[in-house]
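Below is one structure; the comments refer to it alone.
The values are calculated or read from the model by the stated rules, or taken from the named source; none is laboratory data. If you're wondering where the values come from, they're calculated on a predicted model, not measured in any experiment. All Cβ positions, glycine included, derive from the backbone under ideal geometry; neighbour counts span all protein chains shown.
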Amino acid sequence: MTILVFVGSLLLAMAMGIPIAFSLLASGVALMWHLDLFDAQILTQNVIGGADSFPLLAVPFFMLAGEIMNVGGLSKRIVDFALALVGHVKGGLGYVTIMAGCLLSALSGSAVADAAALTALLLPMMVRAGHDKPRAAGLIAATGVIGPVIPPSIGLVIFGVAANVSISKLFLAAIVPGLLIGGALWITWAWLVRREKIVPPPRKSSAEIAAAFRNALWALMLPVIILVGLRMGVFTPTEAAVVAAVYALFVSTVVYREITWKDLYAIFVNAAKTSAIVMFLIAAAMVSAWLITVADLPSKIVGMLQPFMDNRMLLMIAIMVLVMVVGTAMDMTPTILILTPVLMPVVKAAGIDPVYFGVLFIINNSIGLVTPPVGTVLNVVAGVGKISMDDVTRGVVPFMLAEFAILFLMVAFPQLVIVPARWFGG
């Protein structure tokens, strides 16, 4: 009955069109009434305490860094560098999209920001080159999924805080899985584009490639600084977010000089608005997280999943299917905040590595950003690219299936995540 009250009130509030954050608060209040624990002061304390977290400071700073990078020319220079490297091969603009997406993922950690930048920069070029527009838009949307996987990742930060798992370990463990997703997109694009009659642009000379590399060098140094700093213990993930924002600001204003001091106000306001939405979601979800613990819902979930507890692979498959279904109707952040306190006790009881689970959980939630009908990234690509939602959905299907194939490959072979994570983590 407790599970029914929580889930039913949440779904009812969402069905009424109430924003997710307020729906979470409504479900929390309903659960408090059911448990005879309602107290406005407790509700307020949990909301305030939910956002009062040092690790969560990484979220607004990474969002600020992503905003500066897109406006300050770092994203454009990365695309130009990828274009110089592989733009001349058949379907080269698709490979440029994938390469640029992986590089941008190591800068911003946001699928929406990466997808918006890639759509604005590359979709018109791909259409002019003769590529099918829905397919090109679908590739860009699927590439945006890599954003929350390759570190720095806002999704991994939120999961690490909610699950009490080392964010640094999550960052280092997600590198190889993110690259595997990029490889799957590369192979899928090569298969789909083989019959297209595309005339690729001429090959860039060595001098032009070197010039593109020099122009992008300052942008390419940022992920190196962040990953080396985390690996060597120079700074925490939160401090890495501050380093990313300050570095991006320095490069954009002093080196590239594409941002003037007058532009900073709008950049900071946009980053603050986005951060406020995410932080309020987190604060509201902490009420539900506290009540989930008080109501002992995890033990009830463990009981429901008891038939799978002796087989870790079957348990992971069951959890991943559950997350897939939820991801079709809910955005990434609320899904993480709602399911993490419920699933983590199950994962620990089954003896599954929390870092391994966290990486797969975030990958699954990331793919949820391109699964209809909600598909936040699909909406972004459709809006920026001026293309219908139906066309983007049709174009993304083969790439989405490739990403799910990689996800379940990692379920079947956990070593694909665990071994590289141990190597990067020392």
| note | Scanning region 258-285 residue by residue, those aromatic (Phe, Trp, Tyr) and assigned to a helix (DSSP H, G or I) turn out to be 265, 268, 280
| message | Here's a check for you: in region 173-218, which residue that is in contact with an Asp or Glu (Cβ under 8 Å, 6 or more places away or on another chain) and within 23 Å of residue 395 (Cβ to Cβ) is surrounded by the fewest Cβ atoms within 10 Å (Cβ to Cβ)? | response | 196
| Mind checking whether some residue in region 409-425 is part of a helix (DSSP H, G or I), free of Cβ contacts under 8 Å to residues at least 40 places away in the same chain and aromatic (Phe, Trp, Tyr)? | yes
| So which of 192, 123, 172 ends up being modelled with pLDDT of 85 or more, in contact with a Lys or Arg (Cβ under 9 Å, 6 or more places away or on another chain) and under 24 Å from residue 252 (Cβ atoms)? | 123
| task | Please indicate, with yes or no, whether at least one residue in region 236-257 is at pLDDT 85 or above, outside any helix (DSSP H, G or I) and assigned by TED's automatic domain parsing to the domain that holds residue 59. | result | yes
| query | How many residues does region 332-374 contain that are more than 21 Å from residue 167 (Cα to Cα) and in a loop (DSSP other than H, G, I, E, B)? | reply | 5
| query | If you check 22, 81, which single one turns out to be in a helix (DSSP H, G or I), outside the structural domain of residue 244 (by TED's automatic domain parsing) and of a type in the set (Phe, Trp, Tyr)? | reply | 22
| Out of region 34-52, which residues are of a type outside the set (A, V, I, L, M, F, W, C) and crowded, with 18+ Cβ neighbours inside 10 Å? | 46, 50
| said: Being surrounded by fewer than 24 Cβ atoms within 10 Å (Cβ to Cβ) and closer than 23 Å to residue 192 by Cα is the filter here; which residues of region 127-164 pass it? | reply: 127, 128, 129, 130, 131, 132, 133, 134, 135
| query | Within the set of pairs 6 or more residues apart or between chains, which connect a residue that is in the same structural domain as residue 380 (by TED's automatic domain parsing) inside region 120-132 to a residue that is assigned to a loop (DSSP other than H, G, I, E, B) and of a type outside the set (A, V, I, L, M, F, W, C) with Cβ atoms less than 8 Å apart? | reply | 129/200; 129/201; 130/196; 130/197; 131/91; 131/196; 132/196
| note | When restricted to 419, 355, the only residue surrounded by fewer than 17 Cβ atoms within 10 Å (Cβ to Cβ) and assigned by TED's automatic domain parsing to the domain that holds residue 138 is 419
| request: Please verify whether region 66-74 includes one or more residues that are under 23 Å from residue 255 (Cβ atoms), touching a Gly at 6+ places or on another chain (Cβ under 8 Å) and of a type in the set (Asp, Glu). | output: no
| query | of a type in the set (A, V, I, L, M), in the same structural domain as residue 280 (by TED's automatic domain parsing), under 18 Å from the mean Cα position of the chain (by Cα) and more than 25 Å from residue 287 (Cβ to Cβ) - does that describe any residue in region 343-350? | reply | no
| message | Contact list please: Cβ distance under 6 Å, first residue in region 348-365 and at pLDDT below 95 and of a type in the set (Gly, Ala, Ser), second residue surrounded by fewer than 24 Cβ atoms within 10 Å (Cβ to Cβ) and not in a loop (DSSP other than H, G, I, E, B), pairs at least six apart or on different chains. | response | 349/302; 350/312; 350/315
| Per-region count, region 239-288, residues closer than 12 Å to residue 63 by Cα and either of a type in the set (Ser, Thr, Tyr) or touching a Phe, Trp or Tyr at 6+ places or on another chain (Cβ under 6 Å) (or both) | 5
| Quick one: is residue 76 out of contact with any Ser or Thr (no Cβ under 9 Å at 6 or more places or on another chain) and not in a helix (DSSP H, G or I)? | no
